[in-house]
1. What's the total number of residues in the range 171-188 that are surrounded by 22 or more Cβ atoms within 10 Å (Cβ to Cβ), touching a Phe, Trp or Tyr at 6+ places or on another chain (Cβ under 7 Å) and not polar (S, T, N, Q)?
2. Test each condition in (1) at positive phi; (2) of a type in the set (Gly, Ala, Ser); (3) touching a Pro at 6+ places or on another chain (Cβ under 6 Å) for Ala324 and report the one that comes out false.
3. Just one of (1) surrounded by fewer than 22 Cβ atoms within 10 Å (Cβ to Cβ); (2) farther than 26 Å from Ile64 by Cα; (3) modelled with pLDDT under 95; (4) in contact with a strand residue (DSSP E or B) (Cβ under 6 Å, 6 or more places away or on another chain) trips up Thr93, so point out which.
4. Just to be sure, is Tyr121 hydroxyl-bearing (Ser, Thr, Tyr), crowded, with 20+ Cβ neighbours inside 10 Å and not in a strand (DSSP E or B)?
5. Look at the range 206-228 and say how many of its residues are buried (at least 16 other Cβ atoms within 10 Å of the Cβ) and either within 14 Å of Asn166 (Cα to Cα) or at pLDDT 90 or above (or both).
6. Quick check: is even one residue across the range 45-54 in contact with a strand residue (DSSP E or B) (Cβ under 8 Å, 6 or more places away or on another chain) and touching a residue at least 60 places away in the same chain (Cβ under 8 Å)?
7. Does Ser158 qualify as being buried (at least 18 other Cβ atoms within 10 Å of the Cβ) and under 30 Å from Glu201 (Cα atoms)?
Amino acid sequence: MFKKKELVEAPLGYWEEKSYMMIIPRKDEEDLLKEAINRLEKSKEVKLINQNYKLEETTLYINIEYQKEEYEVGIFVGGVNVPEYYLNGIVFTDDERTNILKAKKAITIFMKFNENVKKCYHLQLKLADIMVEDYVGVLDESAERMLAARWVRMTANSKVLPSAKNLFTVQGVIGKHKKVWLHTHGLCRCGLTELEALEVEEANQQNYYNLLLTYAMYLVDRKEKSEPRYEGAYIGQLINGYPVVVTCVSWTKGIQEYKKLNMGGLEDRKNGHNSKTSIVFLYKSEEDEKKQILSKLSLYDELWGDNPLFFYSDEETQRMKDLAMEKFDYLKKAFKNKDNSIIIKIGLFSEKEKRYEHIWFELLEFKKDRFKARLTQEPYYFDDIHEGYESWYTVEDVTDWVVYTPNFSVTPDSAFLLDE
């Protein structure tokens, strides 16, 4: 009898060990590196500590101080070639697209994240904004995502840290029989495992995207950074109240739970997705969790309903609230345009559940520092209020908002779009 060959994780790539970002200048200048260092030396927010670097070296390693902590940052100038599909969506202007696609040179900054990964990511955005005066975008190589220059500027200059979801992407590849392989990029630089969902039905892709997104955010926000192997996470519930409890297992073991894969099998992992990445599974019960009995995500294919509920951490909820309040003036200006419609998420405290439920309301009117809004959905935790309920609130009650313009939607995270 032949023994099955044991699968082994590949070593991390350089973009997984550290966070790599490429700042793309509008013009291909000769002294790009020298100018970047000069601008950094003049910064009031970030202090350049060491002065013994040599600009003629291929890669510079500098030490900086930011908010009383020291960081080592690597910098080099090299070529860049951005795939056109990275520029999908409305966040890029025609001018930015043109200049990004024709760019041949970029300045790359890379650094090791410490335990405060969101602060490190925020610092990297700040460095990008400081070091290049006129840039058209930032390529987040570790997350395989192009960042719009206007978003980087707005986020870098915000007092609120970026969301956990900004640190990674969830990508999908469609295989045979309309089966989708969902996987993340960017979590390894946070000291975590990447996540995958295998054999997802195309019709349920959005639900599983939200599941992966929520679980990844949970892992980023939780304080314990040890490997979550077989540890269950309660991240949501179905419309019938059934809990969504997930776990993840290294791909080397998790892949063995599948007899046949349309996408994500060994052949698809020869050149990638073979290092620190884990497949997500479900636990159907507490007993299953105790015995580590895994169930495939497809178990929920017929159970999602119209409105599955996914949970945000307290940290993320507070961050969203802080950002929604910081950018609230954008919403007030947008309300003056009657072509826009606006919904606001309000946090209502349930005495029964001893927790807040954050629910969507339609904005109806402003009166000085207050606004009137109408409930747009049925609450989970309140029996005495229903869809259509109206009341008055203040900015302190707001935890999120969305402005629907005739052409696109805007959240606090993309408020810069309303500048147009």
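1. So the first thing to find is which residues in the range 171-188 are surrounded by 22 or more Cβ atoms within 10 Å (Cβ to Cβ), and the list is 180, 182-188.
Narrowing further to those that are touching a Phe, Trp or Tyr at 6+ places or on another chain (Cβ under 7 Å): 182, 184-187.
Retained after the next criterion (residues that are not polar (S, T, N, Q)): 182, 185-187.
Of the residues in the range 171-188, 4 are surrounded by 22 or more Cβ atoms within 10 Å (Cβ to Cβ), touching a Phe, Trp or Tyr at 6+ places or on another chain (Cβ under 7 Å) and not polar (S, T, N, Q).
2. (1)
3. (4)
4. Values: hydroxyl-bearing (Ser, Thr, Tyr): yes; crowded, with 20+ Cβ neighbours inside 10 Å: yes; not in a strand (DSSP E or B): yes.
Yes; evaluated as a whole, the condition is true for this residue.
5. Total meeting the criteria: 15.
6. The answer is yes; a qualifying residue exists.
7. Working: buried (at least 18 other Cβ atoms within 10 Å of the Cβ): yes; under 30 Å from Glu201 (Cα atoms): no.
Considered against the rule, which asks whether it is buried (at least 18 other Cβ atoms within 10 Å of the Cβ) and under 30 Å from Glu201 (Cα atoms), Ser158 comes out as no.
Here's the yes/no breakdown for (1) in contact with a strand residue (DSSP E or B) (Cβ under 9 Å, 6 or more places away or on another chain); (2) of a type in the set (Phe, Trp, Tyr):
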{"residue": "Glu365", "(1), (2)": "yes, no"}
{"residue": "Lys368", "(1), (2)": "no, no"}
{"residue": "Phe371", "(1), (2)": "yes, yes"}
{"residue": "Thr376", "(1), (2)": "yes, no"}
{"residue": "Tyr381", "(1), (2)": "yes, yes"}
{"residue": "Ile385", "(1), (2)": "yes, no"}
{"residue": "Tyr393", "(1), (2)": "yes, yes"}
{"residue": "Val398", "(1), (2)": "yes, no"}
{"residue": "Leu418", "(1), (2)": "yes, no"}
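The values are calculated or read from the model by the stated rules, or taken from the named source; none is laboratory data. Just so we're clear, the structure is a prediction, and the values are computed from it rather than from any experiment. We place every Cβ from the backbone using ideal geometry, glycine too, and count neighbours over all the protein chains shown.
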